[in-house]
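Notes to accompany the following structure.
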Amino acid sequence: MQECEQGHGVSVFQHGVDVAYRYADLARYIAGAKCNLQWPRLEQALPMLQALAEHAMQPADVSRYQIYHDCGKPFCRVVDEDGRAHFPDHANISAAVWQSLYPTDTTGHTLIKYDLHPHTAKGVELDEFCALELAPTLMLTAWAALYANAELLFGGFESDSFKMKFKRLLRLSKRILNR
C-alpha cells in the first residue's frame, strides 16, 4: 500500500492515514473541541454531523479500517493512456483482502465493503446502505475522506467538484437521519 500511488504523490497507505486523522479531528470539531485542521463550509452541516456522531463509532475503534480501507487497490491498479490510475472494483477487492487477513472482524469487513457507497451508490444499493447500522460511521468517514482529498484530488474547497461531493454527502446524511 505504501508503494502504490493513489494519485498526486500520495500512496494508498498515506491516503488511509489521512482519512483516519481527519475522522479523529472531525470528531473533535463535532464535539466543539479544539481542532488541528480547518473545516471550511462544514458549519452548515454541523447539526447533522452531531446527530450522526451519536450513532457512530469512536475514532480509536475505526482507525484501522480507515487506514486500510483501500488495501485492495494495489491488486487492481490500472493506468490509462493519459497516465491516470484507476482501481476497478477496489471496494470488493479490498473487502476480500481484509476478510482474508482478519476473518473474524466482520465489522471491519462490512465497513470496507460499504466504504465507497456514500460517494457512488444509487437506487436500491443506496437504500441498502442507509439501512445499515454502520451507516453513521461510514458517513462520517466519507466526510473525513472528502476533506482529506479536497486539495489533492478535487481542486480545493471552493472547486465545483468539492461542492458537488459536499452536496451529495449533505443529502445522504439527511436521508440516513430520517430513517
Any idea how far apart LEU152 and GLN58 come out in nm if each label point goes 7 Å out from Cα toward Cβ? 2.8 nm
Once ligands and nucleic acids are excluded and a 1.4 Å probe is used, how much of VAL19 is accessible, expressed in Å² to the nearest 10? 0 Å²
Let me know the charge dipole size of the chain about its Cα centre in debye, to the nearest 20, where only the beta-carbon of Lys, Arg (+1) and Asp, Glu (-1) is charged. 580 debye
The long-range amide H neighbours of SER11, using H built 1.01 Å from N in the peptide plane and a cut-off of under 5 Å, are GLN6
Only loop residues by DSSP count here, and only those with at most 11 other Cβ atoms within 10 Å; note down the trypsin sites (Lys or Arg not before Pro) in segment 31-95 that meet that. LYS34, ARG84
For segment 26-170, just the Cα set please: Rg and Dmax, both in angstrom. 15.7, 46
Mean separation of Cα contacts under 8 Å (6+ apart) over length of the chain, as relative contact order %: 25 percent
Given the protein chains as shown and a 1.4 Å probe, how many square angstrom of SER161 are accessible, to the nearest 10? 40 Å²
Per residue accessible area of the chain, 1.4 Å probe, in Å²: 52 Å²
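The values are calculated or read from the model by the stated rules, or taken from the named source; none is laboratory data. Being a predicted model, the structure only gives us computed values, none of them experimental. Every residue, glycine as well, gets a Cβ built from its backbone with ideal geometry; the counts of neighbours run over all protein chains shown. The accessibility values were calculated without ligands, DNA or RNA, using every heavy atom of the protein model including side chains. Shrake-Rupley method; radii C 1.70, N 1.55, O 1.52, S 1.80 Å.
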